[in-house]
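This report refers to the structure that appears directly beneath it.
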Amino acid sequence: MIKLSAATIISGLLYFALGLFLPWWSSFIAGLLVGLLMYQNYLASFLTAFIGVCLVVCGYIFAVSSLNDHILAKRIALLILKQDSPELLIAVSGLISAVTAGTAAITGRSFMLFFKK
Amino acid sequence: MKYLVFSITLIINAALFYVLGTREILPLPLGSFLNMQEGIWQNAEPVAEDFNENLKIKGIKGAVNVYLDDRLVPHIFAEHETDAYFVQGYLHAKNRLWQMEFQTHAAAGRISEIVGEKAITFDRNQRRIGMVYAAENALAAMETDPETKSSLDAYTAGINAYINSLQKSKLPVEYKLLGYEPEQWSNFKSALFTKQMTNTLAGYDRDFEMTNALKLLGEENFQILYGQLPDSLYPVIPNGTVYNKPLAELLPPETADSLYFKRKDSVAISEDFKPNPENGSNNWAVSGARTQSGKPILANDPHLGLTLPSIWYEIQIHTPNYNAYGVSFPGLPGVVIGFNDSISFGFTNAGRDVKDYYEIQFKDQQKQQYFFNNQWINTQRRIEKIKIKDAQTFMDTVAYTVFGPVTYDQSFKNALADNKAYALKWVAHDSSNILKMWLLLNRARNLNDYVEAITYFNAPGQNMIFASKAGDIAIQQQATFPLRWKDQGLFVMPGFDSSYMWKGYIPMEDNPRSFNPVEGYVSSANQRPADSTYPYFIPGSYEVYRAITINRKLASMYGITVDDMKSLQNDNYNVFAEMARPILLNYVNRAELDNDQKRFVSLIENWNLKNDPDEMAVVCFENWWDSLQTTVFKDELDNGQNSLMLPEKFVLLEALRRDTAFKFIDNIKTPEREDLNTQVTQALKKASIQLRGLQSEDKLKWSKFKNTTVYHLLKNNATSFARSGLMNGGGKGIVNATQHDHGPSWRMIVEMTTPTLAYGIYPGGQSGNPGSKFYDNFIDDWTKGQYYKLFIMDPVDVKAGKFKWKMSINPA
């Protein structure tokens, strides 16, 4: 459980830190690194990266959007999702980073198995 | 197993990377677009944003302080004028960068670079009417004048200082939506902006439609339907004014009858990108003799397309030389409509025709030679390179003639027979430094300074209004206007004979003007500037009815206050309906009407003639009259193919007021002879089909029918960035000229007391960021007809700390 929590937290922090220097695909890198470095099964690799990144993204965006009274989120949600729902836009934003991090974590994990005897 | 998992997830990762990183699959690269650190979330400006800043920037000479008030209006205090323009550029870019670049890309015919092939026809049109050529000529003139050049250089440097400091993650939302990045600003882009405004305000023309109408109708009927002197004309310069005689009387060429007035063929050209003919404005100034304070009051509300971000950006510029306040154009330095400590100034569009087409005969399809004065003359060929997003650059060869660029030829847009083509002569192409006028007006102190400043302005023609603390009021229609023989330029002209060329320009001293008239007020509302005694031929696209309401009201007003002026700018009285309603009500055969139709008639009968937001009679009246226009004219104007346009609204109204047996009433396509009763009743029956539909949808109220909307510049591609469903009254021909997406883009009233009292509002907000609370925060108050008291900050206010935020800008 501790390991799972640690992996989740590391995924989130890693994603945030990499995002300061790298473009949007830093979620792949964060997931890949967690998969490579944290020894877990496939499901745990996916979930920890997914949840860690999702929490960071959704938390950060929710805070940013709340300070903005969701002015922009409403307009963008209507524009691209055709829904007057900032929450949905926040969720979609979080899911994109989370899914990419999660699948990259499985890739990293399976790659590590190549070297395991 | 591990190889299989690795392979599958690697493929999934690659697929996700591709799908989320490109516009090939989804319309947007959602990976970056919704990313928390580089995507749109970085544009979500906190509603409690702290705009205090300390900046060190290269390029300024001294310290500049910018005080921002609670509406985010900057009050720039600079020791050097050029520093003020530098900071104005910086602030324009900070708040409106995407808009500035998009508008100048549009001016230059470069939209295909952003949106791809769908804009190619628009871009070609811009190039072919010579927008870039015109901007080059303007820039040369602006950069020849040292003061204009230094002001522009500083302004451009300020914009670029902001662009260079901008992180990619903070790019305006529209760049992220469309997937491109800003380029460096240049003085040339400011020149392009002036030409975009010139095209908006002096780019409307109907030579092709009028040529076809003349051919179809013959000269007598043409004059009836398309004459330009309404009986109810209330010109800018009052009827009865005595004008100087022109130096020489201009006569048409001897061949005009056969080659011009009775040409044999019609023209198969339809122009797709005409500016809105409703682009206009109201302005007036009343002298101290008519005001409660004893000081003049000036009012101005320019009517333009209502857009977000707004065309206007409010600003105060305080330097040792002057203290100007008003609205500016993001794209140009200085205040465009406003006032300083001594004078106030504003504009309405002149609407004069300054754009003519000449029919050119090329020798062959190479477009290298054209026939002119009995010989083949070489064209100058300009290769326009139009870059297209995700496609090969399009090369468009535009031939330039003695008149100007050939806009329409075989390659654009219609295949023309016998190597004929149409070249454009347009004052916008002339070299001029119109920016100089604003730089001088900003620091003008009296009537003489105003008179000198406006001489620099050549296009687009404007009614320039003026009031001063010294008590002067003035108006002058100003620009360089072509000198024409009667009817010259109404139709497409022969391009092989120099005798059809413009004969120069009307002397500037003969431009219509009125300084301190005995009436105690001056005004304009896009009407014809002068009555028929004005000694020059001045065709144009003129409004009739707003001027009548304004003049009626002003003539009867004394002890005028700012509140009276606010009421007048928001006046919804429909003077056209006042004149037209009796015709509809007197000639409708009521016995033929069903219950719904009787109700529509009853609504109109009981109407107070105001286009108020909740009024239903307006919708009934407008639909009925439009239906009558179509019923009366469609039969005669149905030529089956070539471009035509319905006569102006005043034509039918005035014809029927003069003669209810107006010759066009009869439908020539039926064996019966229809009279006015028949046609008025028929028109209502036809209109009632739509009116019933509106009634069932609960859209019979004027504001619901009109649905006033302030669109984003990307129009239907960004509807959620727009504000629609606004409950405005007003409309076409009404002083409150608010139409569906067009109307008062800035309302300003200035009382020339000491201190100056000024009020203003525009339908937008200071920020161009759809993620800012300052993006559209003025719109609700604008809809209600409210104003903000403009805070004219002085050094005492600075010491007293009467500001919300402060930007300190120092040389690096």
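The values are calculated or read from the model by the stated rules, or taken from the named source; none is laboratory data. Being a predicted model, the structure only gives us computed values, none of them experimental. Every residue, glycine as well, gets a Cβ built from its backbone with ideal geometry; the counts of neighbours run over all protein chains shown.
Quick notes on this one:
- Candidates B:Ile668, B:Ile689 - the one that is farther than 30 Å from B:Trp98 by Cβ and either at pLDDT below 95 or assigned to a loop (DSSP other than H, G, I, E, B) (or both): B:Ile668
- Residues in segment B:321-369 that are in a loop (DSSP other than H, G, I, E, B), of a type outside the set (Asp, Glu), under 30 Å from B:Phe188 (Cβ atoms) and in contact (Cβ under 8 Å) with a residue 60 or more places away in the chain: 14 in all.
- Output for segment A:74-96, where each listed residue is more than 7 Å from every other protein chain (Cβ to nearest Cβ), among the small types (Gly, Ala, Ser) and crowded, with 20+ Cβ neighbours inside 10 Å: A:Ala77, A:Gly94
- Evaluation of B:Asn282 against the conditions (1) more than 30 Å from B:Tyr521 (Cβ to Cβ); (2) under 31 Å from the mean Cα position of the chain (by Cα); (3) surrounded by 15 or more Cβ atoms within 10 Å (Cβ to Cβ) shows that the sole unmet condition is (1).
- Hey, A:Ile71 within 16 Å of the chain's Cα centre (by Cα) and of a type in the set (A, V, I, L, M) or not: no
- Test: residue in segment A:97-107 that is in a loop (DSSP other than H, G, I, E, B) and either among the aliphatic types (A, V, I, L, M) or within 7 Å of chain B (Cβ to nearest Cβ) (or both): no
- For segment A:46-58, the criterion of being surrounded by fewer than 21 Cβ atoms within 10 Å (Cβ to Cβ) and closer than 30 Å to B:Ala722 by Cβ is satisfied by at least one residue.
- When segment B:663-688 is filtered for residues that are among the hydrophobic types (A, V, I, L, M, F, W, C) and surrounded by 19 or more Cβ atoms within 10 Å (Cβ to Cβ), the ones remaining, listed by number, are B:Phe664, B:Ile665, B:Leu676, B:Val680, B:Ala683, B:Leu684, B:Ala687.
- Positions within segment B:772-793 being aliphatic (A, V, I, L, M) and within 14 Å of another protein chain (Cβ to nearest Cβ), in sequence order: B:Ile779
- Residue match in segment B:72-85 (condition: facing chain A (nearest Cβ under 7 Å), over 29 Å from A:Ile90 (Cα atoms) and not polar (S, T, N, Q)): no
- Qualifying residue in segment A:52-67 (condition: in a helix (DSSP H, G or I), of a type in the set (A, V, I, L, M, F, W, C) and under 18 Å from B:Phe6 (Cα atoms)): no
- Condition check for A:Leu18: at the interface with another protein chain (Cβ under 10 Å from one of its Cβ atoms) and in contact with a Pro (Cβ under 8 Å, 6 or more places away or on another chain): no
- Of the residues making up segment A:42-53, none is at the interface with chain B (Cβ under 7 Å from one of its Cβ atoms) and hydrophobic (A, V, I, L, M, F, W, C).
- Just one of the listed residues (B:Gly760, B:Gly801, B:Gly743, B:Gly725) is without any contact (Cβ under 8 Å) to a residue 40 or more places away in the chain and in a strand (DSSP E or B), namely B:Gly725.
- If you filter segment B:10-45 down to residues that are surrounded by fewer than 20 Cβ atoms within 10 Å (Cβ to Cβ) and aromatic (Phe, Trp, Tyr), you find that the one that is farthest from the other protein chains (Cβ to nearest Cβ) is B:Tyr18.
- When the test is whether a residue is surrounded by fewer than 19 Cβ atoms within 10 Å (Cβ to Cβ) and either at pLDDT 95 or above or of a type in the set (Val, Ile, Thr) (or both), B:Gln641 does not pass it.
- Positions within segment B:110-123 being of a type outside the set (Phe, Trp, Tyr) and either in contact with a helix residue (DSSP H, G or I) (Cβ under 9 Å, 6 or more places away or on another chain) or under 17 Å from B:Lys189 (Cα atoms) (or both), in sequence order: B:Arg110, B:Ile111, B:Ser112, B:Glu113, B:Ile114, B:Val115, B:Lys118, B:Ala119, B:Ile120, B:Asp123
- Among the residues of segment B:289-313, the ones that are touching a residue at least 24 places away in the same chain (Cβ under 8 Å), outside any strand (DSSP E or B) and surrounded by fewer than 22 Cβ atoms within 10 Å (Cβ to Cβ) come to 5 in all.
- Given (1) without any contact (Cβ under 8 Å) to a residue 40 or more places away in the chain; (2) buried (at least 24 other Cβ atoms within 10 Å of the Cβ); (3) not in a loop (DSSP other than H, G, I, E, B), number of the condition B:Ile465 does not satisfy: (1)
- For segment B:73-178, the helices (runs of 4 or more DSSP H) that sit wholly inside it and include 3 or more residues that are at pLDDT 95 or above and within 30 Å of B:Pro405 (Cα to Cα) are B:81-107, B:112-115, B:120-128, B:131-144, B:146-165.
- Answer from B:Lys706, B:Lys715 - the residue that is of a type in the set (Lys, Arg) and crowded, with 20+ Cβ neighbours inside 10 Å: B:Lys706
- Just one of the listed residues (B:Asn810, B:Asn769) is at pLDDT 95 or above and either within 14 Å of another protein chain (Cβ to nearest Cβ) or touching a Cys at 6+ places or on another chain (Cβ under 8 Å) (or both), namely B:Asn769.
- When B:Ala48 is tested against (1) at pLDDT 95 or above; (2) surrounded by fewer than 19 Cβ atoms within 10 Å (Cβ to Cβ); (3) away from chain A (no Cβ under 14 Å), only condition (3) is not met.
- Qualifying residue in segment B:121-136 (condition: closer than 30 Å to B:Ser32 by Cβ and touching a residue at least 12 places away in the same chain (Cβ under 8 Å)): yes
- The lone criterion from (1) touching a helix residue (DSSP H, G or I) at 6+ places or on another chain (Cβ under 7 Å); (2) surrounded by fewer than 22 Cβ atoms within 10 Å (Cβ to Cβ) left unmet by B:Leu691 is number (2).
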